[in-house]
Amino acid sequence: METITTDLLVIGGGSGGLSVAAGASQMGADVVLLEGHKMGGDCLNYGCVPSKALLSEGKKAHAKGKASKADYKAAKAHVHKVIGTIAPHDSVERFESLGVRVIESYGSFKDAETVVAGDYEIKARRVVIATGSSPLVPPIPGLDTVPYQTNETIFELQERPDHLLIIGGGPIGMEMAQAHRRLGSEVTVIEGMKALGKDDPEAAAVLLEALRGEGIAIEEDALAAEIRGKDGAIEVEAKDGRVFKGTHLLMAVGRKANIDKLSLEAAGIETTRTGIKVDASLKTTNRKVYAIGDVAGGLQFTHVAGYHAGIIIRSALFGLPAKAKHSHIPWATYTAPELSQVGLTEAQAREEHGDRLEVVRFDYSGNDRAIAEGQTTGFIKVMIVKGRPVGATIVGHQAGELINTWALALANNMKMGQIAAMVAPYPTIGEINKRVAGAYFSPRLFESKMVKRVVGAVQRWLP
Ligand SMILES: Cc1cc2nc3c(=O)[nH]c(=O)nc-3n(C[C@H](O)[C@H](O)[C@H](O)COP(=O)(O)OP(=O)(O)OC[C@H]3O[C@@H](n4cnc5c(N)ncnc54)[C@H](O)[C@@H]3O)c2cc1C
């Protein structure tokens, strides 16, 4: 067993771990990185990248008309080509070229100061746990008797499912539903509560209507109680007796933090119901150890893992106080139409701010570019308190791009006036952001008696 001493040990080579390792190493720290499975983690191999690549193929098939079984195979080939194109960026070779010592092994704590990985014992000034999450597979009776897919296997599937049953109507379930429907599968989504339940219900309804319009069956309040059948003939029975039949099953009910291999108790690191317990500076209950990204049990997105990495660099490398806040973190669901959110939803804002809340909205049907492109479904609404946005919800074409303006506004506590001052090129979908700011100021200008009196007086004085 070789003993290694280092400044920083990063456990997990996914979105969060790679960002910390690259940043710390380039800033002169001695860094060791452990990855027990695939460099790039979930996002590259089983998450963001393959799902967006498959959605893109679904979009092409949808534009073309009817998709064939060969299109499905070709779509999967595209998925793997995209992963292969991005993979070198996350590879062992690249990280070694940045000066990181990469050990391709799972790590686990031996004691509060030592991590064991393969033939190595590593002692580090600071440790960052970035081990991510895995698909949560609940113990539904019968599930262990039928073959099922998760996000870790579905992108490998080559034969198009005739009828895909998806248990779980969250963003992952919905993205997979639309991609498969557009590639020619029948799709039934089985959701125990409300589909897209974490999003604004009004915006979610627009997306759900569009998905249903494409032929996806979305069954809500359908808690899966029993699963039976065999490969090619699977039945899911809901608690209320409804039975859904399909050929393949995808489990997409949520995520669980990857902590099993870590022996956290040996290092005095406590956990919560959702992951590793951290404070605002992402420190665990062992003060030398941080946890970031999905394993920290908060918002589970690649950009959050990346944001956490920045906090760690400030804190662990420069010893500066750095706290993570999450009120300005956006997210998006990349279906068509897209659905995006930053800050408070309307319901959350109303609860927090009561009568001080103003909500303004603008419909895609009022945007000339959206009309030109036949993309008039959707709206934006912005929640405003004392002239500053506290949240924005967008459903429609490119909603995931449009939310960037509001993510900037919330991150910098900007005023609505600063959004209204922007000149957007005509005709762009992005004009929606300016127009919604206009919708905030218009009543103040056009319905103000004071403004009318001033304009009247000025006009009388003008030569
Ligand atoms: C289908 C799907 C689609 C998604 N789409 C998006 C999206 O569009 N946008 C978005 O922002 N997010 C998306 N996500 C979420 C995103 O993938 C995760 O939030 C992100 O990967 C989390 O990064 P991470 O660094 O915390 O973990 P990961 O990227 O999962 O990396 C963790 C790594 O740690 C390794 N590991 C685990 N235990 C150990 C150990 N003991 N020792 C050493 N190594 C270990 C794992 O093998 C893994 O490589 C999606 C997720 C899924 C499942």
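Readers should treat all values here as calculations from the given coordinates under stated rules, not as data from a laboratory. Values in this document were obtained by computation on a predicted structure and should not be read as measured data. All Cβ positions, glycine included, derive from the backbone under ideal geometry; neighbour counts span all protein chains shown.
Structure summary
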quantity: Shape parameters for the chain, alpha-carbon atoms, Rg then Dmax in Å; calculated: 24.8, 92
quantity: Trypsin sites (Lys or Arg not before Pro) restricted to DSSP loop in the stretch 52-103 with at most 11 other C-beta within 10 Å; calculated: K66
quantity: Förster radius 51 Å - calculated FRET efficiency between M450 and L136, Cβ distance, rounded to 0.05; calculated: 0.35
quantity: 3J(HN,Hα) from dihedral phi, the stretch 292-301, Karplus parametrisation 6.51/-1.76/1.60, rounded to Hz, x for glycine, proline; calculated: 9, x, 4, 5, 7, x, x, 5, 9, 9
quantity: Cut-off 20 Å (backbone N to label point 7 Å along Cα→Cβ of A74), residues of the stretch 25-65; calculated: 50-65
quantity: Estimated distance in nm for a label pair at M27 and I371, the labels positioned 7 Å out from Cα along Cα-to-Cβ; calculated: 5.1 nm
quantity: For the stretch 58-134 and the stretch 328-370, distance of Cα centres in Å; calculated: 33 Å
quantity: Candidates per GluC sites (Glu not before Pro) in the stretch 109-166, loop by DSSP, up to 16 other Cβ within 10 Å; calculated: E113, E152, E159
quantity: F379 long-range amide H proximity, modeled H, under 5 Å; calculated: Y364, V395
quantity: Mean separation of Cα contacts under 8 Å (6+ apart) over length of the chain, as relative contact order %; calculated: 14 percent
quantity: P(r) of the stretch 330-446 over all Cα-Cα pairs, binned every 10 Å from zero, in whole percent; calculated: 15, 49, 32, 4
quantity: Two-site FRET efficiency, R388 against Q459, from Cβ-Cβ distance with R₀ of 25 Å, rounded to 0.05; calculated: 0.15
quantity: Net lengthening on full extension, K64/T428 (0.36 nm per residue, minus Cα-Cα); calculated: 128.6 nm
quantity: The chain: calculated mean residue ellipticity at 222 nm from DSSP helix runs of at least 4, using -39500 (n - 2.57); calculated: -10000 deg cm²/dmol
quantity: Nonlocal amide H pairs with V128, under 5 Å, H built at 1.01 Å; calculated: L9, V10, I11, Y290
quantity: Kirkwood hydrodynamic radius (C-alpha pairs) into Stokes-Einstein, the stretch 1-137, 10 °C and 1.306 mPa s, D in µm²/s; calculated: 97 µm²/s
quantity: Backbone HN-Hα couplings from phi across the stretch 139-145 [Karplus 6.51/-1.76/1.60, Hz, Gly and Pro as x]; calculated: x, 6, x, x, 4, 6, 9
quantity: Kirkwood-type radius of the stretch 81-169, with distances r between different C-alpha atoms, in Å; calculated: 17.5 Å
quantity: Built amide H within the under 5 Å cut-off of I218, gap 5+; calculated: V189
quantity: For the stretch 143-254: rounded, prolate or oblate by the Cα gyration tensor [a/c cutoff 1.5]; calculated: oblate
quantity: Extension gain, K38 back to Q418 (0.36 nm per residue minus Cα-Cα distance, nm); calculated: 132.4 nm
quantity: Label zone at K245 (point 7 Å along Cα-to-Cβ), backbone N below 15 Å, the stretch 141-157; calculated: none
quantity: Nearest-0.05 FRET efficiency for K194 and A225, computed from C-beta distance (R0 30 Å); calculated: 0.95
quantity: J(HN,Hα) series, the stretch 359-368, from Karplus relation 6.51 cos²θ - 1.76 cosθ + 1.60, nearest Hz, glycine and proline x; calculated: 10, 10, 9, 8, 8, 4, 5, x, 9, 4
quantity: Calculated diffusion of the stretch 231-316, Stokes-Einstein form, Kirkwood radius summed over Cα pairs, 4 °C and 1.567 mPa s, µm²/s; calculated: 84 µm²/s
quantity: Pairwise label distance in nanometres, T5 with R94, each label 7 Å out on the Cα-Cβ vector; calculated: 3.3 nm
